[in-house]
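Worksheet: the structure to be examined is printed underneath.
The values are calculated or read from the model by the stated rules, or taken from the named source; none is laboratory data. All values derive from a computational prediction rather than experimental measurement. A quick note on method: Cβ atoms are made from the backbone with ideal geometry, for glycine too, and the neighbour counts reach across all protein chains shown. In case anyone asks, the SASA skips ligands and DNA or RNA and just uses the protein heavy atoms, side chains included. Shrake-Rupley method; radii C 1.70, N 1.55, O 1.52, S 1.80 Å.
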Amino acid sequence: MEIQYAGRTLKVSRFRIQGPSTNLEAEGAIHFGEQASLNLNAQGESDAKLLSLLDPAVNATGSSKVNLRINGTPARPLVFGSLEVRDLNLTYGDFPFHLFSMNGEIQLEGERATIRSLSGLSGGGSVSVQGFLTFAEIPRFELRAKVDQVRVRYPSDFSSQLTGTLRLTGTAKNSRLEGDLIVRQLFTSPGFN
């Protein structure tokens, strides 16, 4: 790796970051001045296990092909590019939906991530997800999911097979889940009274 500093600009030549969860090549420059700016690029592979850094309750396996360009300022970076998700398996704490074999593409558009298509399996049925998430001061999201014959154990004494659509919108502090679900089958545990 070669690092140069001249004219209030730090330049880093192409280098590789390789470890158990990452295999990326990166390069770029950071300008330190009255108007600090970023110009960074990264391409390669990233392991889904890194999602647990965002929240320890996330358990994920799989990988993503990463192609990123970071502009903007250090205080407000703008991320552009794409994540090609491959064989993502995802669980979150006690959440009753577990996702398996998820594949698709997420576009990064500055302060916004758009899920163009992401589909896979859950509870023996199929799941497809689309939507967006913003990275503004107050992050917002709108996610739409289509489920087909997905088995869910919720509450713990029930097992339901669901088909339909869900829409989750809002912020982390104020969100709304709505949609239409058809309960195809409903079973209770043997000890349910």
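Carbon and sulfur together cover what percent of the accessible area of the chain at a 1.4 Å probe radius?
Carbon and sulfur: 55 percent of the exposed surface of the chain.
For GLY170, what is the net charge nearby, where nearby means another residue's Cβ is under 14 Å from its Cβ and Lys, Arg count +1, Asp, Glu -1?
Once positives and negatives cancel, what remains is +3.
Could you tell me the relative contact order of the chain? Use alpha-carbon pairs under 8 Å, at least six residues apart, and round to a whole percent.
For the chain, the relative contact order is 10 percent.
Spelling out what I want: for every residue of segment 26-37, take phi, set θ = phi - 60°, compute 6.51 cos²θ - 1.76 cosθ + 1.60 (Karplus), and round to whole Hz; glycine and proline get x.
Result, ordered by residue: 9, 6, x, 8, 10, 9, 9, x, 4, 10, 4, 8 Hz.
Could you tell me which of rounded, prolate or oblate describes segment 61-102, using a ≥ b ≥ c as the square roots of the eigenvalues of the alpha-carbon gyration tensor, with rounded for a/c under 1.5 and, failing that, prolate when a/b is larger than b/c and oblate otherwise?
Cα axes put segment 61-102 in the oblate bin.
Stretch ARG8-LEU78 to full length: gain in nm at 0.36 nm per residue minus the Cα-Cα span?
23.1 nm
Quick check: residue separation of SER119 and GLN107 times 0.36 nm, minus the Cα distance between them. What number comes out in nm?
2.8 nm
Using the Karplus curve 6.51 cos²θ - 1.76 cosθ + 1.60 with θ = phi - 60°, work out ³J(HN,Hα) for each residue of segment 99-107 in order, rounded to whole Hz, and write x for Gly and Pro.
Coupling constants for segment 99-107: 9, 9, 6, 6, 9, x, 10, 10, 8 Hz.
Quick one: what are the phi-derived ³J(HN,Hα) couplings along segment 51-58, Karplus 6.51/-1.76/1.60 with θ = phi - 60°, whole Hz, x for glycine and proline?
Per residue, the Karplus-derived 3J(HN,Hα) values read 4, 5, 5, 6, 7, x, 6, 7 Hz.
Can you tell me the mean projection area, over all orientations, of the convex hull of segment 121-193's alpha carbons? Units nm², please.
6.0 nm²
I want the local charge near ARG76. Using Cβ-Cβ distances under 14 Å, sum +1 for each Lys or Arg and -1 for each Asp or Glu among the other residues.
After counting each charged neighbour, the total is -1.
Dipole magnitude of segment 29-148 about its Cα centre, charges +1 at Lys/Arg Cβ and -1 at Asp/Glu Cβ only, in debye to the nearest 20?
Computed about the Cα centre, the dipole is about 180 debye.
Less than 28 Å apart at the alpha-carbon level, and either on another chain or at least 8 residues along: which lysines does that give for LYS173?
Straight-line reach from LYS173, under 28 Å: LYS49, LYS146.
Quick one: dipole size for segment 86-134, taken about the Cα centre, charges +1 on Lys/Arg Cβ and -1 on Asp/Glu Cβ, in debye to the nearest 20.
Result for segment 86-134 is approximately 100 debye, rounded to the nearest 20.
Check HIS98: other-chain or 5+ apart residues with amide H under 5 Å from its amide H, H built from backbone geometry?
GLY123
Ordered by packing density, taken as the mean number of other Cβ atoms within 10 Å over each peptide's residues, highest first, how do 182-191, 26-35, 97-106 rank?
Descending packing order for the listed peptides: 97-106, 26-35, 182-191.
Cα-based Rg of segment 13-116 per 2.2 N^0.38 Å, rounded to two decimals?
1.20
What whole-number value in cubic angstrom gives the convex hull volume per residue for the C-alpha atoms of the chain?
Looking at the chain, the number lands at 128 Å³ per residue.
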